[in-house]
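Report on the following structure.
The values are calculated or read from the model by the stated rules, or taken from the named source; none is laboratory data. Just so you know, these numbers come straight off a predicted model, no measurement behind them. We place every Cβ from the backbone using ideal geometry, glycine too, and count neighbours over all the protein chains shown. We work out accessible area using only protein heavy atoms, side chains counted, and drop any ligands, DNA or RNA first. Shrake-Rupley method; radii C 1.70, N 1.55, O 1.52, S 1.80 Å.
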Amino acid sequence: MSTRVNGIGMTSQRTRARLIERLREQGIKDEAVLAAMFEVPRHLFVDEALASRAYDDVSLPINYNQTISQPYIVARMIEVLRAASPLGRVLEIGTGCGYQAAVLAQVAREVYTVERIKPLYERARKQLSDLKIRNVSVRYADGTAGLPETAPFDGIIMAAAAPALSAVLREQLAVGGRMVLPVGTQEQWLYLVERDARGFRETQLEPVKFVPLLMGKA
Ligand code: SAH
């Protein structure tokens, strides 16, 4: 791992600092999120052949027809989820390579992340453990049902787009909790769902492009 890190100079202060600078230009303001993005070595979550592009603001393939989300959207979703307050227990649906879970781990007390594709689940688990990130629990499961045995969550984040807002998932939010997720098929929008003592409030945020949420394990 150290040859990869040193060999291409990806961990240089400058490369990381440029990513953070770009995120600021794109409107990310939460210093805790920017610090978390600075902390996590994104190049270790993509194939070696793509490592030189790891700090470009693009999504990249991670096999099995899936992608690692673009840094901007990872930062944006976590910024909305955090709402400038510390996060307790968070659920992520769609671990993929584990990058977003690693960023979440910097700003949340405990992270549960669920992946339906076994080889991705296995690789993410290993990657997070190699990086000694210990407050993330990776599960191999269909996340459409959430994780009822571990609910309620202070935050839920979905990394794949559902055709409609899920009533099952929002029930797993704690009062005061927030859920950030892409919704739609052809046209997708990022939504924020907030739960308070009286019920739920939904806000449509911005257009996005995510892989679809799929049913069952693979
Ligand atoms: N969070 C990732 C993004 C992964 S892409 C990152 O940091 O880059 C979305 C992931 O959601 C894919 O790995 C896909 O397999 C997974 N996914 C899709 N439907 C799912 C479901 N029902 N349950 C769990 N994971 C699902």
Pairs with Cβ under 7 Å, 6+ apart, first in segment 62-74 and more than 8 Å from the ligand (Cβ to nearest atom), second hydrophobic (A, V, I, L, M, F, W, C): Gln70/Val58; Pro71/Leu19; Pro71/Leu23; Pro71/Met37; Tyr72/Leu23; Ile73/Val208
Any hit, segment 116-129, residues being of a type in the set (A, V, I, L, M) and within 19 Å of Met179 (Cα to Cα): no
Qualifying residue in segment 103-118 (condition: on the phi > 0 side of the Ramachandran plot and open to solvent by 30 Å² or more (accessible area, probe 1.4 Å)): no
Segment 60-77: number of residues that are surrounded by 23 or more Cβ atoms within 10 Å (Cβ to Cβ) and assigned to a loop (DSSP other than H, G, I, E, B): 1
Criterion violated by Val103 - all others in (1) under 25 Å from Arg195 (Cβ atoms); (2) part of a strand (DSSP E or B) satisfied: (2)
Number of the exception - Glu206 against (1) under 21 Å from Pro71 (Cβ atoms); (2) within 14 Å of the ligand (Cβ to nearest atom); (3) among the charged types (D, E, K, R): (2)
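Answer with yes or no whether Pro86 is away from the ligand (no atom under 12 Å from the Cβ) and surrounded by fewer than 21 Cβ atoms within 10 Å (Cβ to Cβ).
Details: away from the ligand (no atom under 12 Å from the Cβ): yes; surrounded by fewer than 21 Cβ atoms within 10 Å (Cβ to Cβ): yes.
For Pro86, the condition - away from the ligand (no atom under 12 Å from the Cβ) and surrounded by fewer than 21 Cβ atoms within 10 Å (Cβ to Cβ) - is met.
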Residue, farthest from the ligand (Cβ to nearest atom), within segment 105-147, restricted to residues that are among the hydroxyl-bearing types (Ser, Thr, Tyr) and within 26 Å of Ala35 (Cβ to Cβ): Ser129
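Residue-by-condition table, conditions (1) among the hydrophobic types (A, V, I, L, M, F, W, C); (2) part of a strand (DSSP E or B):
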position	(1), (2)
His43	no, no
Ala51	yes, no
Tyr55	no, no
Val58	yes, no
Glu79	no, no
Arg89	no, yes
Glu110	no, yes
